[in-house]
């Protein structure tokens, strides 16, 4: 941030957070993914002459913002879906990245005469990283098949790592002017990727062992907040991919979190991480829109009309390259899966493949990657076409994030991909098996226990059998959907909890109970509300 004192910086951060909250609320009212509204809000704010100029510092993005966002996304990624989609993920996160890099390099030599082969490779690596937050937000709101959103989220995780590794490699070719041999280049690339994964797993295992010995929620949450930075910085210190390290660490800890987080830590960490994700993503997308003045200032010496046309054509090229790849890539993936594992031969429909191809949104990571390029080469000469490269990257971000993002709802409805049930069926299956197992265990305890406990066993049995009935048996006999009967009961129970809450507040206001007692009672009611609101049972 330029020419701002400490107090001004604090005020600016406060204003940005307030804008994030206001624009996110507006996005919800308009049923538009919040990243799109935040970028457009930032663009509009940047046109106000009195608005402060906020510069995007790549170091802040890479070392302060990116690690927790990557870790959180990896932590909540389904390992089952990641493993099942591994071939498709590799085809998108590595195959498509390579196809984009070489496709951009080949076409820009013809489309942009000022770009040579090496500069085209750098530009291709910059725009190869995707940011599908907008796409997945739209997909989840419309209820398209969960396997599409799982694939997009997993692609973005690995893609961030592969794209930045490719940028580091291609930028070194241009900056140093030295072209390594094929074997040396391949070895360096593999080291960047696999060394990062190994470091991330080592840190993940170490954190897992430490967390298992701790049962204090604030300490557990603090360690979870520090972990992504530890993985990222350790890998960067070893001259390998910090993104890959953070990804591997997050996947490992997310898979094993049930075994080391205490009850209180699981409840409270979810709120902490959700808030952190929202604030960081919100500021990132808002600041992304605020970059327009500085980007336009960088191309003042060029013909405004020509660069706008170049930006539009280049954005179209990037979109077409992804669409050209996804269909043959999906076909190859299905063939590989058929040979590797006959039990997982499910393929995506042509409509689903098109949505995957249309959901290649770029975000702040691509712009930060472009801005992070040095202004001068090792020989002292200026970095060629750096300002134009940044402008072209911004054009791709706007075209893919805003234009494609806004078109996704209509496209999904047109293709008939809305209204999917997601994991509802799996959830009901799990609940049924859990309750059945609990009843079987209760019966064993009844036989082993004394007669004095018979009444307790009877009460628990009635409770579990009622839960089992509410999952579908009785409602199905009446010809209603399985969850409809529970929804009516939950609505009534929610009203009763509201009465309890009002009485507790009344007693506190009358000074009959302590504030701490009120908070304890509210916490019990809040947990009940959260349980029924989130799990729907």
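The values are calculated or read from the model by the stated rules, or taken from the named source; none is laboratory data. Note that the coordinates shown come from a computational prediction; the quantities given were computed from them, not determined experimentally. Neighbour counts are summed over all protein chains in view; Cβ atoms, including those assigned to glycine, are modelled from backbone coordinates with ideal geometry.
Yes or no: segment 77-99 includes at least one residue that is at pLDDT 85 or above, in contact with a helix residue (DSSP H, G or I) (Cβ under 8 Å, 6 or more places away or on another chain) and over 19 Å from residue 244 (Cβ atoms). For segment 77-99, residues at pLDDT 85 or above, in contact with a helix residue (DSSP H, G or I) (Cβ under 8 Å, 6 or more places away or on another chain) and over 19 Å from residue 244 (Cβ atoms): present. Take residue 277 and tell me if it is over 30 Å from residue 73 (Cα atoms) and buried (at least 16 other Cβ atoms within 10 Å of the Cβ). In short, no. As a summary of the residue check, residue 211 satisfies the conditions (1) within 21 Å of the chain's Cα centre (by Cα); (2) more than 24 Å from residue 523 (Cα to Cα); (3) surrounded by 14 or more Cβ atoms within 10 Å (Cβ to Cβ) except for the one numbered (1). If you check 200, 282, 196 for being within 18 Å of residue 69 (Cα to Cα) and modelled with pLDDT of 95 or more, only one passes: 200.
Restrict the check to segment 43-52 and report whether at least one residue is closer than 17 Å to residue 255 by Cα and part of a loop (DSSP other than H, G, I, E, B). Checking segment 43-52: not a single residue is closer than 17 Å to residue 255 by Cα and part of a loop (DSSP other than H, G, I, E, B). For segment 62-106, a residue qualifies if it is more than 15 Å from the chain's Cα centre (by Cα), over 21 Å from residue 336 (Cβ atoms) and crowded, with 19+ Cβ neighbours inside 10 Å, and the qualifying residues are 62, 101, 103, 104, 105. For residue 31, state whether it is surrounded by fewer than 16 Cβ atoms within 10 Å (Cβ to Cβ) and under 15 Å from residue 283 (Cβ atoms). So residue 31 fails the test.
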